[in-house]
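What follows draws every value from the coordinates through simple rules; no lab data is involved. Everything numeric in this text was worked out from a predicted model, so none of it was measured. Because the Cβ atoms are built from the backbone with ideal geometry, glycine has one as well, and the counts that use them run over all protein chains shown.
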Amino acid sequence: MAQKKAHPKKPVSKAKAAPAVAAKPVAEEKTEPAPKKAEPAAEKAAPAPKKAEPVTEKAAPAPKKAEPVAEKAAPAPKKAEPAAEKAVPIPKKAKPAPKKAEPAAEKAVPAPKKAKPAAKKKPAAKKATPAPATEEPKPVVEEPAPVVAEPVQPKEEAPMEQQYDTPRRSVAFIGSECHPFVKTGGLGDVMYALPRELVKQNCDVRVILPRYACIPQKYQDQMVYRGEFYMDLGETGRNYYVGIMEYVHDGVVYDFIDNQEFFSAGNPYIGLVDDIPKYCFFSKAALAALNWMNWIPDVIHCHDWQAALVPVYLRTMFQDTPVGHAQTVLTIHNLRFQGIYNIPTLKYWTGLPDEVFNMGAMKQGYEDANMLKAGLAYADRITTVSGTYAWEIQTPEYGEKLEDHLRYHSYKLRGIVNGIDYEMWNPATDPALAVNYDITNVLDHKWQNKLALQEELGLVQDQGKFVIGLISRLTNQKGLDLVNAIVPELMDGNTQVVVLGTGDKEYEDTFRYYENAYRGMFCACIQYDEARAHRIYAGADALLVPSRFEPCGLTQLNAMHYGTLPIVRETGGLKDTVEPYNVFNGDGNGFTFDRYDAGLLLDAINRAKTEYFVNRYHWDEVVQRDMAKDVSWENSARQYKDLYLELTPW
Ligand code: ADP
């Protein structure tokens, strides 16, 4: 994500067309924690080699690659449809501008009932179906925020138990990934679990996602064609096809924005060269789609840099359209990724007014534009995934160069910790476990899972050993250099360590080395294996999370829910969710240390061992307390609902 490249002017179509333009594969990009100094924003911001070349100069980012195919893929015909053309005039500003000033989408198609549920897939081909032009502008909604929630799909299933103890609100989630369609990290979990929980709390929720080609076929097959329109984009001079495919599940409506030119790659993220235009398009198309569907939410909740332009578009180009009534919330899941590129490129792709490109919003340094930074400036509220992280990111150590900006906007910033999905994580029903258990019989059965785990991994089978698990991406963010530094001292004959993860080769090799050095006592599973992760949570006694920084962290929550005590560094969500064990009164949920220091980590582990071997009665009490702890989404969702109500106090 860090890399920055000189950039073009009109490259786009081509650049995009050719999926993988020398850029790191997403997964890596996303996950990569990048060592503090390694690639901080500045790095990115670094004015690419040539520095201030006039944009036009570099005009073609990846032009060489331009395969003819791409060309084809491109939906929008040259100029063909005049209708479409009209349909999407990008209003310069948010002025009361006359009708024509409204963004295409809106005008484009009021046609609510027209949505033909029948049609199945619609390849993002260029269906010149512009019909809208003639349609009378008739801006649908004029009043405050009337939530015209039109009945989406009749087949909507009855939502789970409802708790209508607060007023109803409609919320549009806009983000780049969502389990089970596409997921590369915690964002995908939140986009899945939070909307479902909000439905139970009297919210009408729509989740807007890109329709990536990599979404499993079984979901693609269940999507229903909802409609299409054309939209202009930035200074490209083209009209882009925007298809809407719909899928309804558990009371949540998922609308997928379709355009094969942008979303046909095998991965959701490719590299900034492709991703910047892609998410400029997506953010604008999402708002246009809301107008087109005539579904005007009370609140638009966007996530991370990929959707950070939503509040910016909303308060500029879309301000005077129906969706302009909505309030916006922007959630930071990991501040390390911000969507930074040079200003000319962002101007080209967004067409946003110059006022957006100032130091208070999009501009960063001398020549860069930062999408997340702009979103933070324009959003009505900012949240991040834990209270401590919300505070930390206002400091130079964790602020990724946005600490000043965040401090300036701190009045609208707050932290809300994530939860875990109790259906997915339930030791009483978990099919992956050797023996299921709950809080009432955990002390009778957990050890059986330990023996099964030891057998599965080739460790010495002995329920008396203290088993420490570590389930993590193997990257610098996760504090693995601290672990590496203390392994020899950990291996005292009574302790076993199980590592599950993939990531930096350096760490993978290190753990393989230890496996070889401590046969039967140390196991390195260099893989991504969900089922095995579940068995480690169940079979280990403690779980290590010594992260350098951790916005929220889910592994410590999973562990506690499985009666496995977390040993964590007091940072971000780890600090907010794991109360330190108190040797004097037995309170707490786990063992913690504060400074990023290997000696302190070792000390925390030794304190845990002491309780385990010497004070088992108290240890067992903590096991049960952790299992009883509420780490579900319910509580978090309630806080989000409160936030929405705060923004819409009618
Ligand atoms: P991050 O999002 O920074 O990677 P989190 O703690 O928020 O870390 O979430 C990690 C999630 O991914 C947890 O649910 C954990 O169980 C899971 N996970 C991480 N590594 C693996 C792996 N190698 N195999 C299976 N699950 C994993």
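Of note:
- Extending 7 Å from Cα along the Cβ direction at residue 395 and again at residue 456 yields two label points whose distance is 3.8 nm.
- Gap separating the Cα centres of the stretch 287-359 and the stretch 168-183, nearest whole Å: 16 Å
- Computed from label points 7 Å out along Cα-Cβ, the spacing between residue 645 and residue 165 is 1.0 nm.
- The three principal axes of the C-alpha atoms in the stretch 196-269 carry coordinate ranges of 44, 25, 23 Å, sorted with the longest axis first.
- Per-residue HN-Hα couplings for the stretch 319-327 [Karplus 6.51, -1.76, 1.60; θ = phi - 60°; Hz; x = Gly/Pro]: 4, 9, 10, x, 5, x, 6, 6, 9
- With contacts taken as Cα pairs under 8 Å and at least 6 residues apart, the stretch 190-305 reaches a relative contact order of 26 percent.
- Ranking 396, 365, 201 by Cα position along the charge dipole of the stretch 171-415, where only Lys, Arg, Asp and Glu carry charges on their C-beta atoms, puts 201 farthest toward the positive end.
- Above-threshold pairs, the threshold being 29 Å between Cα atoms, out of 373/629; 401/478; 218/641; 218/412: 373/629; 218/641; 218/412
- Over the stretch 440-511, the reciprocal of the mean inverse Cα-Cα separation, the Kirkwood hydrodynamic radius, stands at 13.6 Å.
- Taking max minus min of the alpha-carbon positions on each principal axis, the stretch 250-363 gives extents of 38, 36, 26 Å, largest first.
- Remark: the stretch 442-631 carries a charge dipole of roughly 140 debye about the Cα centre, counting +1 on each Lys and Arg Cβ and -1 on each Asp and Glu Cβ.
- Once the gyration tensor of the Cα atoms in the stretch 479-600 is diagonalised, the equivalent ellipsoid follows with semi-axes of 23, 16, 15 Å, ordered largest first.
- When only the Cβ of Lys, Arg, Asp and Glu is charged (+1, +1, -1, -1), the dipole of the stretch 432-483 relative to its Cα centre reaches about 200 debye.
- Gyration tensor (alpha-carbon) shape descriptor, the stretch 334-419, a/c threshold 1.5: prolate
- For the stretch 402-558, alpha-carbon Rg relative to the globular expectation (2.2 N^0.38 Å, N residues): 1.16
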